[in-house]
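K.L.:
One structure follows; several queries about it will come next.
The values are calculated or read from the model by the stated rules, or taken from the named source; none is laboratory data. These numbers were taken from a predicted model, which means no experiment stands behind them. Methodologically, a virtual Cβ is constructed for each residue, glycine included, from the backbone with ideal geometry; neighbour enumeration extends over all protein chains shown. Surface accessibility is based on the protein's heavy atoms, side chains included, excluding ligands, DNA and RNA. Shrake-Rupley method; radii C 1.70, N 1.55, O 1.52, S 1.80 Å.
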Number of protein chains: 4
Amino acid sequence: MPVRRNSHAALIDDLVSANHILCAEGIVDGFGHVSVRDETHPERFLLARSMAPATVTVRDVMTFDLDGEPIDAKGRKAYVERFIHSEIYRARPDVQAVVHSHSPAVIPFGITGTNLRAVSHMGGFLGLSTPIFEIRAAGGPATDMLIRNRTLGAALARSLGASPYALMRGHGSIAVGDSIKQVVYRAIYAEVNARLQMEALRLGPINYLTAEEALGAMRANDAVIDRPWDLWKSKVRKRGRRN
Amino acid sequence: MPVRRNSHAALIDDLVSANHILCAEGIVDGFGHVSVRDETHPERFLLARSMAPATVTVRDVMTFDLDGEPIDAKGRKAYVERFIHSEIYRARPDVQAVVHSHSPAVIPFGITGTNLRAVSHMGGFLGLSTPIFEIRAAGGPATDMLIRNRTLGAALARSLGASPYALMRGHGSIAVGDSIKQVVYRAIYAEVNARLQMEALRLGPINYLTAEEALGAMRANDAVIDRPWDLWKSKVRKRGRRN
Amino acid sequence: MPVRRNSHAALIDDLVSANHILCAEGIVDGFGHVSVRDETHPERFLLARSMAPATVTVRDVMTFDLDGEPIDAKGRKAYVERFIHSEIYRARPDVQAVVHSHSPAVIPFGITGTNLRAVSHMGGFLGLSTPIFEIRAAGGPATDMLIRNRTLGAALARSLGASPYALMRGHGSIAVGDSIKQVVYRAIYAEVNARLQMEALRLGPINYLTAEEALGAMRANDAVIDRPWDLWKSKVRKRGRRN
Amino acid sequence: MPVRRNSHAALIDDLVSANHILCAEGIVDGFGHVSVRDETHPERFLLARSMAPATVTVRDVMTFDLDGEPIDAKGRKAYVERFIHSEIYRARPDVQAVVHSHSPAVIPFGITGTNLRAVSHMGGFLGLSTPIFEIRAAGGPATDMLIRNRTLGAALARSLGASPYALMRGHGSIAVGDSIKQVVYRAIYAEVNARLQMEALRLGPINYLTAEEALGAMRANDAVIDRPWDLWKSKVRKRGRRN
């Protein structure tokens, strides 16, 4: 179980930073979202109202229950796809934070069924394979591709299984982690790993990380996770001051 | 028929913003243009004078009739290719806004005859295929590639047909929509979709969106179109303040 | 013969702007250079002292004769490769400006012998083929790849022939034009065309511009060359003010 | 032996600049490091404490001995992988500076066993081949991929041999040089060369630089190494002032 050093206010501050970081690093644009489990009420989670991540402030953070229903809406509109978050938190007690994005480098893997896996130590958390969620299996051939109810959210959570990352065919991806820092790291470095794997596949057969190498690398990177987080945070703060 | 909440001044403001957004998002450079149908005179449309989109101001917006002739030139020079806009507005009463650009990711599809189609829900509006306009069919083997008269404009509009998007071989593309927001969205996400499709084609056969999925996704995205628009607009405003 | 509206001071100002633009647009980095023929002494040309283009000021501009010798060195060090410029001005009386760069998209064409040619109207000036200069033919198998004397410069000018652009194998490229604006346009859009051609070659056989289309497009773009120039200039000015 | 014009303070200033430059040029992100041999104590080297390179200041620079042990820790935490540096300085008396990074373009070469070599004069220092370090050969199939002790550092130094650059399979790369300026140049232009080689390999067989061309080009570039350095330095200074 992760250490929870943050007060609730600090957790919300980190969630706001995560929104800005994910946009600054090219993981989200006008779309995509990041949530965190409420550290004092594990059956709740925090997620911004329906808006572009780059412009989220503390006042935009709402609280939801595990059915995906807002507890404190106060007139604020929720993301249609909040069920991604609620059903993952329900299925995965180990998960403390979730990112959903359309980051571009991973999408070609999902729509061609190519196995996304660790090619470099920074992507060690990906291990030997990444599940791909096919919405047609759960929702039939004529969905609008969105996870707009509990049923689809639960099907996505089943595809994710015990993995840290899953592709959504024709849509995007989800990353999960034991903290906001870790899930932001994973969302960013899954994208980096996908770019490296894509380029390498053009050169020839890849010498992938072994399961042991991937696990070892994941643990080593988790031990220094403050380093990239502090850099990303300082970049969005500077940008904020300049604007 | 689209709701028209904007006064004429607000429409012009949005058109100016669209010019700046399209440059900031890499869809236009020194070339390319965006127009909107005059909401009070449907047989007219608004388009900047011949200049780089990034530097367009309210004072640069001219009004044209459906022959592509300026109504209020006042010494201002019109784009050579204004007939792209006039003939599409003539042929397509449903169209309220048009973007013409040379955005780079879609051009390789046009010059190789590769079918650009929806690979992800953000590009749902592209559906199952995108028409390609071949200027040689209308103008012969020795044009300068530009849509510099009504005849070529009408041929382009025929190629477009009822589609939201068309490629122009060896030149660029056009996007049409029922509002400035929608056409800007389409110009940007056609480019995103093309990059994804290009990368995926290198990995193997693509699991494309079905017609139903594409249509559903298009409607779902249209319902939240203010979200990316507000983000794009805030970005060009910040940039403007900083300079 | 090109119209010469600029006074000598304005010509130098444009040359300084061209240096900054080429860096801002990714054509040059710490290396590369741009020159202009002296409009009052056609047997002379203007070129910055040996330095990074981004930091060139009016005080850094030197005058050279057609042997590549500085006329007003005043202790300033000249580029080793100034003979690129001097020999092209000698061989091509029609040329008023020259850019040498290592811009990345065109280099793969030179080192694989792939024919760089117009795939879109913006690259119309490239026509049906681009010559490739092989320094081994003129300098043997053990040069340092640089055009460091008149002999190599003359060989390069012969490879260029009457073309607007040439590749230098394992090194970079040269663009020539009838004005600073035109040569900057060509340096930038050769790069754009190379990126488009590279991507398209992966999709399948390309429907290239015909000779007539390329020529027509070149003339059409030359007629509006102030438009991209003004945009590029405004961008480097804004950047200058912000720093 | 390289000329040492810098006082110790100037050397530290250059090391801090190198940290910032490598981040600004996309060679390092939150990870990666650069060191320099202590010019007055060749059995020591200078390296920042464990932190993101972009935020390194003079106060963060520590001194290490050739066993990788800090001499002046003062509570500061050292990089886990400092043994990359210590063992290279031990094995290579000619080396005055070392960069370790995960820069993305070279990694696909390492994981596919593709030979990275000079395709353009700017990458001349790469010569005809680049060694690839396989950590499994030294550390077995279950390392965490990091060079976290002297044994692994020594194995890496043996793989490097007399080369200026080496790939680390599934991890990144190292560049070495006779000065901070040279090693930064090499870290940046190895990346540029890798991008060019990758693109060219898709077009067809490459006409590589000969050994003589590569050597000549390396010497020619070393002679003007202040030029890119001054540009990179001015860019990070401007950025610093703006923030």
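K.L.:
Of all residues in segment D:34-49, which are open to solvent by 10 Å² or more (accessible area, probe 1.4 Å), touching a helix residue (DSSP H, G or I) at 6+ places or on another chain (Cβ under 7 Å) and farther than 14 Å from D:Ala10 by Cα?
P.N.:
Result: D:Arg49, single match.
K.L.:
Checking A:Leu152 against (1) open to solvent by 10 Å² or more (accessible area, probe 1.4 Å); (2) without any contact (Cβ under 8 Å) to a residue 60 or more places away in the chain; (3) more than 30 Å from D:Glu134 (Cα to Cα); (4) within 14 Å of chain B (Cβ to nearest Cβ), which test does it fail?
P.N.:
Just one mismatch for A:Leu152, condition (2).
K.L.:
OK, next. Just to check your reading of the model, which residue among D:Val95, D:Val58 is over 29 Å from D:Thr143 (Cα atoms) and among the aliphatic types (A, V, I, L, M)?
P.N.:
Exactly one residue qualifies, and that residue is D:Val58.
K.L.:
Let me ask something additional. May I ask you to verify whether A:Asp72 is open to solvent by 50 Å² or more (accessible area, probe 1.4 Å) and either in contact with a Lys or Arg (Cβ under 6 Å, 6 or more places away or on another chain) or part of a loop (DSSP other than H, G, I, E, B) (or both)?
P.N.:
The answer is no for A:Asp72.
K.L.:
A follow-up question, please. Quick check on A:Val61: is it within 27 Å of A:Thr151 (Cβ to Cβ), of a type in the set (Val, Ile, Thr) and within 15 Å of the chain's Cα centre (by Cα)?
P.N.:
So A:Val61 does not fit the description; no.
Conditions (1) among the basic types (Lys, Arg); (2) touching a Lys or Arg at 6+ places or on another chain (Cβ under 8 Å), marked per residue:
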| residue | (1), (2) |
| --- | --- |
| C:Ile84 | no, no |
| C:Ile88 | no, no |
| C:Val95 | no, yes |
| C:Asn149 | no, no |
| C:Arg158 | yes, no |
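K.L.:
What's the number of the only condition in (1) more than 20 Å from D:Ala217 (Cβ to Cβ); (2) of a type outside the set (Asp, Glu); (3) part of a loop (DSSP other than H, G, I, E, B); (4) facing another protein chain (nearest Cβ under 8 Å) that D:Ile111 fails to meet?
P.N.:
(3)
K.L.:
For segment C:203-219, give me each residue that is of a type in the set (Val, Ile, Thr) and free of Cβ contacts under 8 Å to residues at least 24 places away in the same chain.
P.N.:
Selection gives C:Thr210 alone.
K.L.:
Further question on the same structure: Output the number of residues of segment D:29-51 satisfying the condition of being touching a Gly at 6+ places or on another chain (Cβ under 8 Å) and within 13 Å of D:Gly68 (Cα to Cα).
P.N.:
So the count comes out to 0.
K.L.:
Could you tell me whether any residue of segment D:57-77 is within 26 Å of D:Leu126 (Cβ to Cβ) and within 12 Å of chain A (Cβ to nearest Cβ)?
P.N.:
No, every residue in segment D:57-77 fails to be within 26 Å of D:Leu126 (Cβ to Cβ) and within 12 Å of chain A (Cβ to nearest Cβ).
K.L.:
Starting from segment D:33-51, take each residue that is touching a residue at least 40 places away in the same chain (Cβ under 8 Å) and list its partners that are of a type in the set (Lys, Arg) and part of a strand (DSSP E or B), counting only C-beta distances under 6 angstrom and pairs at least six apart or across chains.
P.N.:
Matching pairs, first to second residue: D:Phe45/D:Arg37.
K.L.:
What's the number of the condition B:Asp67 fails, among (1) of a type outside the set (Phe, Trp, Tyr); (2) in contact (Cβ under 8 Å) with a residue 40 or more places away in the chain; (3) under 25 Å from B:Ala190 (Cβ atoms)?
P.N.:
(3)
K.L.:
Can you find a residue in segment D:118-131 that is at pLDDT 95 or above, facing another protein chain (nearest Cβ under 8 Å) and under 15 Å from D:Ile174 (Cβ atoms)?
P.N.:
no
K.L.:
Name the residues in segment B:199-220 that are open to solvent by less than 10 Å² (accessible area, probe 1.4 Å) and assigned to a helix (DSSP H, G or I), would you?
P.N.:
Those that are open to solvent by less than 10 Å² (accessible area, probe 1.4 Å) and assigned to a helix (DSSP H, G or I): B:Ala200, B:Glu213, B:Ala214, B:Ala217.
K.L.:
For segment C:158-166, check the following and say yes or no: at least one residue is in contact with a helix residue (DSSP H, G or I) (Cβ under 6 Å, 6 or more places away or on another chain), touching a residue at least 40 places away in the same chain (Cβ under 8 Å), open to solvent by less than 30 Å² (accessible area, probe 1.4 Å) and more than 13 Å from chain D (Cβ to nearest Cβ).
P.N.:
Scanning segment C:158-166 turns up at least one residue that is in contact with a helix residue (DSSP H, G or I) (Cβ under 6 Å, 6 or more places away or on another chain), touching a residue at least 40 places away in the same chain (Cβ under 8 Å), open to solvent by less than 30 Å² (accessible area, probe 1.4 Å) and more than 13 Å from chain D (Cβ to nearest Cβ).
K.L.:
I've got another one for you. Could you tell me which of the residues A:Arg117, A:Arg92, A:Arg82 is over 27 Å from B:Arg202 (Cα atoms), in contact (Cβ under 8 Å) with a residue 24 or more places away in the chain and surrounded by fewer than 21 Cβ atoms within 10 Å (Cβ to Cβ)?
P.N.:
The match here is A:Arg92.
K.L.:
If you go through segment D:75-120, how many residues are closer than 15 Å to D:Ala194 by Cβ and not hydroxyl-bearing (Ser, Thr, Tyr)?
P.N.:
Number of matching residues: 16.
K.L.:
Identify the residue in segment A:206-223 that is out of contact with any Gly (no Cβ under 6 Å at 6 or more places or on another chain) and more than 7 Å from chain D (Cβ to nearest Cβ) and, among all such residues, is nearest to D:Leu201 (Cα to Cα).
P.N.:
That would be A:Tyr208.
K.L.:
Within segment B:95-114, track down each residue that is open to solvent by 10 Å² or more (accessible area, probe 1.4 Å) and over 16 Å from the mean Cα position of the chain (by Cα).
P.N.:
B:Thr112, B:Gly113, B:Thr114
K.L.:
Moving on. Mind counting the residues in segment C:20-40 that are touching a strand residue (DSSP E or B) at 6+ places or on another chain (Cβ under 8 Å), more than 12 Å from every other protein chain (Cβ to nearest Cβ), outside any strand (DSSP E or B) and not β-branched (Val, Ile, Thr)?
P.N.:
Final tally of qualifying residues: 2.
K.L.:
Residues that are at positive phi, in contact with a Lys or Arg (Cβ under 8 Å, 6 or more places away or on another chain) and touching a residue at least 12 places away in the same chain (Cβ under 8 Å): does segment D:127-145 have at least one?
P.N.:
The answer is yes, given that some residue of segment D:127-145 is at positive phi, in contact with a Lys or Arg (Cβ under 8 Å, 6 or more places away or on another chain) and touching a residue at least 12 places away in the same chain (Cβ under 8 Å).
K.L.:
If we keep just the residues of segment C:226-243 that are more than 8 Å from every other protein chain (Cβ to nearest Cβ) and surrounded by fewer than 17 Cβ atoms within 10 Å (Cβ to Cβ), which is nearest to the chain's Cα centre (by Cα)?
P.N.:
It comes out as C:Asp226.
K.L.:
Another question, if that's okay. Any residue at all in segment D:128-143 that's surrounded by fewer than 20 Cβ atoms within 10 Å (Cβ to Cβ) and under 27 Å from C:Ser103 (Cβ atoms)?
P.N.:
Checking segment D:128-143: at least one residue is surrounded by fewer than 20 Cβ atoms within 10 Å (Cβ to Cβ) and under 27 Å from C:Ser103 (Cβ atoms).
K.L.:
Identify, by number, the condition in (1) more than 9 Å from chain C (Cβ to nearest Cβ); (2) crowded, with 24+ Cβ neighbours inside 10 Å; (3) of a type outside the set (A, V, I, L, M) that D:Asp178 doesn't meet.
P.N.:
The number of the failed condition is (2).
K.L.:
Give just the number: which of (1) closer than 26 Å to C:Leu11 by Cα; (2) open to solvent by 30 Å² or more (accessible area, probe 1.4 Å); (3) within 14 Å of chain D (Cβ to nearest Cβ); (4) of a type in the set (D, E, K, R) does C:Arg195 not satisfy?
P.N.:
Here C:Arg195 meets the rest and fails (1).
K.L.:
Which of (1) in contact with a helix residue (DSSP H, G or I) (Cβ under 9 Å, 6 or more places away or on another chain); (2) among the hydrophobic types (A, V, I, L, M, F, W, C); (3) assigned to a loop (DSSP other than H, G, I, E, B) does C:Ala78 not meet, given it meets every other one?
P.N.:
(1)
K.L.:
When you go through A:Gln197, A:Gln182 one by one, which is the residue that is touching a residue at least 40 places away in the same chain (Cβ under 8 Å) and more than 19 Å from the chain's Cα centre (by Cα)?
P.N.:
Answer to the selection: A:Gln197.
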